[in-house]
1. I need to check one value: relative contact order of segment 97-164, counting alpha carbon pairs closer than 8 Å and at least 6 residues apart, in percent.
2. What does the accessible area of ASP274 come to, in Å² to the nearest 10, when a probe of 1.4 Å is used?
3. Taking only protein heavy atoms and a 1.4 Å probe, what accessible area per residue, in Å², does segment 1-126 have with all protein chains in place?
4. Counting only protein heavy atoms, what percent of the accessible surface of the chain is carbon or sulfur at a 1.4 Å probe?
5. Could you tell me the calculated FRET efficiency between ARG301 and GLU211, based on Cβ-Cβ distance and R0 = 22 angstrom, to the nearest 0.05?
6. If you roll a 1.4 Å probe over the heavy atoms of the protein chains, what accessible area per residue do you get for segment 224-323, in Å²?
7. As an exercise, use a Förster radius of 25 Å and the Cβ-Cβ distance of ARG288 and ASN238 to find the FRET efficiency, rounded to the nearest 0.05.
8. What is the spin-label model distance, in nm, from LEU231 to GLU40 if the labels are put 7 Å beyond Cα along the C-beta direction?
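The values are calculated or read from the model by the stated rules, or taken from the named source; none is laboratory data. None of these values were measured; they are calculated from a predicted model. Don't worry about glycine lacking a Cβ; one is built from the backbone with ideal geometry, like all the others, and counts go over all protein chains shown. The accessibility values were calculated without ligands, DNA or RNA, using every heavy atom of the protein model including side chains. Shrake-Rupley method; radii C 1.70, N 1.55, O 1.52, S 1.80 Å.
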Amino acid sequence: MTAPKIALISNPLSERNRAGMADIEACLAGRRGIEHIRFEPGMDLRAVLAGLAARECGLLILNSGDGLVHGVLGALFLGAAFERPPPLALLPRGMTNMTAADVGLGGRDAGTLARLLDIAARDDVERHLVRRRVLKVDYDPALPGERGMFFGAAGIYDGIHLCTGNIHTRGLTGSWASTATLFTVLGRALLRGVEAIGIGGAEIGVTVDGEFEGSRPRAMVLATTLDRMVLSSRPFWNNGGGPIHFTVVDHPAVGLVRHSRQLLYGGRTRDLPDPPFRSTAAGRLELRFDTPFTIDGEFFRAAPGAPVVITAAEQVQYVKLRR
């Protein structure tokens, strides 16, 4: 059998690439048949992928963080250049790497890249593939739906702002930043009370698979098709049925500190009070609110009067390596 044609898209502005990519270039030196593309702001990813499809790319490596992964997912499904999207391999070198925490290569150095390329040279990629559904988020009738792996609103959006505004500016990135953000929120809840932690509280109407579940203040709303998130957490349970893990926490999140371990790391069924904690599997979500939300760390806002509709009919394969 013939090894797949490989393309590597690198974002030089990603956190761990800013000092240069000499280690990546050295890894590629002497290896034939690997196309290296340096992403630049404003680059038309649909055109890039159309070119790769024409050249029969069979493995696409992303040396970046969540931002480029989000952009490539959108370009793959909106551009539809590939009859079948090639497997994606995520080398997590960004400020945040949520998707790679679940379906990444298990490392971010040149040695990890070399290991992947050796596997591809042996045409042994297939046994390392995992499938994940891709979220499609429609929020504006005038725009095509955004694709991504993670959606968050209310406290999730606020928490990302806390992380980027206060935590990253102190030099903490990746899992360290996520840890610092988590302990900041829990510390505020413990010392000041859950109503004074400074996140959440947006009024959000929720409809799950056609069943309206009410509109009330929410501390946190998240939807994802990932199996694990940052810090190896699994803040979702009752996972039978639809492909979307959906968790909502009402505001105020009474018992947040007491139940935080079970909320993040419990099993498929959890002894959590409902309300304020609820999690389910869904095929279609419809949310109504007028505050911003996040998809893979990028920020959006629904058109006036438009609902946010989340589905997950499409899927992509990732190369997942274990250390």
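1. Once divided by the residue count of segment 97-164, the mean separation gives 18 percent.
2. ASP274 exposes around 100 Å² with every protein chain in place.
3. On a per-residue basis, 45 Å².
4. Within the chain, the accessible surface is 51 percent carbon and sulfur.
5. Approximately 0.30, to the nearest 0.05.
6. Values: 4540 Å² over 100 residues.
On a per-residue basis, 45 Å².
7. Numbers: r = 23 Å, r/R0 = 0.92.
That gives a FRET efficiency of 0.60.
8. It is 4.0 nm.
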